[in-house]
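Notes for the one structure printed next.
What follows is calculated from the coordinates using simple rules that are stated; it is not laboratory data. Note that the structure is a prediction, hence the values are computed from the model and not measured. Virtual Cβ from ideal backbone geometry, glycine too; neighbours counted across all protein chains shown.
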Amino acid sequence: MPDSNPVIIESGGAGQPFNYAVGLHGSLFLQELRDNRRFMAVRCPRCGKVYIPPRRVCGACFVEMDDFVEVGPQGTIGTFTILRYAFIDPETGEQKPVPYGYGFIRLDGADTLFQHYIDIQDESKLVIGARVEPVFADARKGTVKDIEYFTIID
Ligand SMILES: [Zn+2]
C-alpha cells in the first residue's frame, strides 16, 4: 500500500555552467525582442512559409532563408494546457509555482506556432482561437523570457 506522505527531493539551485551560441538567426530574434519588442521571423524564398522563431533552413524545401519579416505581436492560441502538477523547474532547480498556462501561439503573419506562457487569470477565456498579445519584461536581457507571458485580449 502506498504511503500517503509523498517523497520530496529537492535539487536546490541547479547550476547550469555552460553557454551556447544561438546562431545568427537566433541572435537577431532575441536582440529584436530585447531592444525593440519585435518578433522577427524568416520567410522561405521557395515556399513562402514564415518561421518564428527564425531558423536557417526551411524544413520542407531545404533552402537557406534570410528574408526576415516582422510578425505579431498579437496572435491566436493554437493549443494550450494548464499545468497544475508541481515539479522541479530544471531552469531554476526550484519547485515551479502552479497552476500556470502554457501554449502554442500563431503570431499574426507566421505559419509556425510559438511556445510560451499564457496568463490564466480568467480560465474561461483560455480557449483555442483566443486572441493574445505579449507582456514584455521591463528589464530585458536577450532571452525568450523577455516576454513574461501572453495575455488574452478578447
Ligand atoms: Zn520552404
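Starting from the 7 Å offset along Cα-to-Cβ, what nm value, one decimal, do you get for the label separation of Asp119 and Ser27?
For the pair Asp119/Ser27, the computed spacing is 3.4 nm.
Only four residue types carry charge here, +1 at the Cβ of Lys and Arg and -1 at the Cβ of Asp and Glu. Report the dipole size of the chain about the Cα centre in Debye, rounded to the nearest 20. Walk me through the numbers before you get to the answer.
On the way: 16 positive and 21 negative charges, 96 e Å.
My answer is approximately 460 debye.
If packing is taken as the average count of other Cβ atoms within 10 Å, what order do 36-48, 58-70 fall into, highest mean first?
On the way: 36-48: 17.4, 58-70: 13.4.
Packing order, densest peptide first, comes out as 36-48, 58-70.
Would you calculate the volume per residue, in Å³, of the smallest convex hull containing every Cα atom of the chain?
Cα-based convex hull of the chain, divided per residue, equals 171 Å³.
May I ask you to compute the full-extension gain from Tyr102 to Cys47, defined as 0.36 nm times their residue separation minus their alpha-carbon distance, rounded to one decimal in nm?
The span from Tyr102 to Cys47 would gain 16.8 nm if fully extended.
Cβ neighbours within 10 Å, averaged per peptide: list 100-107, 81-88 in order, most packed at the top.
Result, highest mean Cβ count within 10 Å first: 100-107, 81-88.
How many angstrom lie between the Cα centre of the stretch 29-53 and the Cα centre of the stretch 83-154?
Here the answer is 19 Å between Cα centres.
Sum -39500 (n - 2.57) across every DSSP H segment of at least 4 residues in the chain, then divide by the residue count to get the 222 nm mean residue ellipticity, nearest 500.
Values: 1 runs with 14 residues, N = 154.
Calculated at 222 nm, the ellipticity per residue is -3000 deg cm²/dmol.
How many Lys pairs in the stretch 23-152 lie less than 24 angstrom apart by Cα atoms, where the lysines are 8 or more positions apart or on different chains?
4
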